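In what follows, a single structure is set out as structure tokens and then discussed.
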Amino acid sequence: MKGALIVEPDGKFIDGLIKGGGGDVKKCFQCATCSSVCALSTEDRTFPRRQIARAQWGMKDQLVADPAVWLCHNCGDCTARCPRGARPGDVIAAVRREVIKGVAFPRVMGNILANPAGVWVLLVLSLLVLTPVAVLPVRPDASHSLEFAYLFPQARLEILFFTVCGLVTLALAVGAVRLVRALRAAGADSPLLPSLFPTLVEIVTHRRFGLCGEHRERLAGHLLVLVGFVGLAGVGTVVGIGSLAGLMHTPLPLLHPLKIFANIFAAVILVGAVTLLAGRVADSELRRSSTYFDWFFPLTLAMVVITGILSELLRLRQSEEWMFTIYFVHLVLILALLLSAPYSKFAHFLYRTIAMAATWQEREKSTPDRLLPAAGAAHDS
């Protein structure tokens, strides 16, 4: 028959969705309630009904190329109103995890970190990388100089983390190219660079999340984590470059402007991460449907900040018993967070930005009046 579509369900893809939090996907009977109540769904890019149907059939290639997978921000309105309890928001979130795994570079890392056991792989890998570079040879007389740089040479740490950041950037870049190719093949043809600035404005303002009725308490957590993370990354980059260029010596004095800004941004991240985690704990339905993928990023982020603050306080107190140990844990967590970036929720920011920019023009044409003159976007956590 002319125009017939032959569907070959991808059983492994369906299994991955079910294990990744989309276990209720088969409950959907395509009533379209989800698309009807979604404030962000448009005539040109309807979701999540179409994506749920494709997920039921295991149509992996079509879902990887579908920008609507990223235009959905998992606000929970569709899930709250689904008459069958199919939890469409969770299914779309599971699809995003599979997309991340599908475009990952190297793919083996995407497969490993798609499972809870990947956390232990990350921690072991971080220990194996960090120990010989930052610790060995052990200096038994470290107490003679109670500065972190004595036991953990600053130059080695800077070389290590800049190298890791370079490799992570490469992995994210390859994943981004793969995603762009898929989106272009599916007709998402807005020019990326001209659309980048308005897309980032959407992301920073988060105004679209205001249209959602469910889980609006996440808005504060999203904004705090985003602002704190961007600010801290900026301060860290300035300090790292300044240190490498010999313009400043670390650790910075407590009252140094960059140190003050770093502590402020760290506190902002901690409050945001705790807010997101508390929201998941308090909501029994959300807690039940959450996977390790949902917990890992905010929990690790919070632990990085907590161990960083403890390390700083212990150094100021010159606590020989604990300062080096806590600081080493801090470094391991930072390294694990960096290594996971291309394969975890960290990648959401990049891939969602790309999908939003690639559909900017068509979304502007179909933007509901209630979203004008500007719009915002939220990142699920």
For residues that are hydrophobic (A, V, I, L, M, F, W, C) and over 24 Å from S290 (Cβ atoms), tally how many sit in region 18-45.
-> 3
Could you say whether any residue in region 249-257 is modelled with pLDDT of 85 or more, surrounded by fewer than 16 Cβ atoms within 10 Å (Cβ to Cβ) and either assigned to a helix (DSSP H, G or I) or in contact with a Pro (Cβ under 8 Å, 6 or more places away or on another chain) (or both)?
-> yes
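Conditions tested, residue by residue: (1) over 26 Å from V329 (Cα atoms); (2) within 19 Å of the chain's Cα centre (by Cα); (3) in contact (Cβ under 8 Å) with a residue 60 or more places away in the chain; (4) not assigned by TED's automatic domain parsing to the domain that holds E321.
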{"position": "A117", "(1), (2), (3), (4)": "no, yes, no, no"}
{"position": "L157", "(1), (2), (3), (4)": "no, no, yes, no"}
{"position": "A176", "(1), (2), (3), (4)": "yes, yes, yes, no"}
{"position": "V180", "(1), (2), (3), (4)": "yes, yes, yes, no"}
{"position": "A186", "(1), (2), (3), (4)": "yes, no, yes, no"}
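With respect to V164, determine if the residue is closer than 30 Å to T46 by Cβ, under 18 Å from the mean Cα position of the chain (by Cα), crowded, with 17+ Cβ neighbours inside 10 Å and of a type outside the set (K, R).
Numbers: closer than 30 Å to T46 by Cβ: no; under 18 Å from the mean Cα position of the chain (by Cα): yes; crowded, with 17+ Cβ neighbours inside 10 Å: yes; of a type outside the set (K, R): yes.
Against the criterion (closer than 30 Å to T46 by Cβ, under 18 Å from the mean Cα position of the chain (by Cα), crowded, with 17+ Cβ neighbours inside 10 Å and of a type outside the set (K, R)), V164 does not qualify.
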In contact with a helix residue (DSSP H, G or I) (Cβ under 7 Å, 6 or more places away or on another chain), surrounded by 15 or more Cβ atoms within 10 Å (Cβ to Cβ) and not in a helix (DSSP H, G or I) - does that describe any residue in region 108-120?
-> yes
Just one listed residue, out of A39, A55, is among the aliphatic types (A, V, I, L, M) and either assigned by TED's automatic domain parsing to the domain that holds A347 or modelled with pLDDT under 85 (or both), and it is A39
Can you work out which of the residues in region 312-340 that are of a type in the set (S, T, Y) and surrounded by 20 or more Cβ atoms within 10 Å (Cβ to Cβ) is nearest to F162 (Cα to Cα)?
-> S340
The correct count of residues that are surrounded by 19 or more Cβ atoms within 10 Å (Cβ to Cβ) and in a helix (DSSP H, G or I) in region 63-83 is 9
Taking the residues in region 217-234 that are of a type in the set (V, I, T) and surrounded by fewer than 20 Cβ atoms within 10 Å (Cβ to Cβ) as candidates, determine which candidate is nearest to D283 (Cα to Cα).
-> V227
Can you tell me which residue within region 281-292, out of those that are crowded, with 16+ Cβ neighbours inside 10 Å and over 16 Å from the mean Cα position of the chain (by Cα), is farthest from P88 (Cα to Cα)?
-> D283
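The values are calculated or read from the model by the stated rules, or taken from the named source; none is laboratory data. Because the structure is a prediction, the values reported are computed rather than measured. Neighbour counts run over all protein chains shown; Cβ positions are idealised from the backbone, glycine included.
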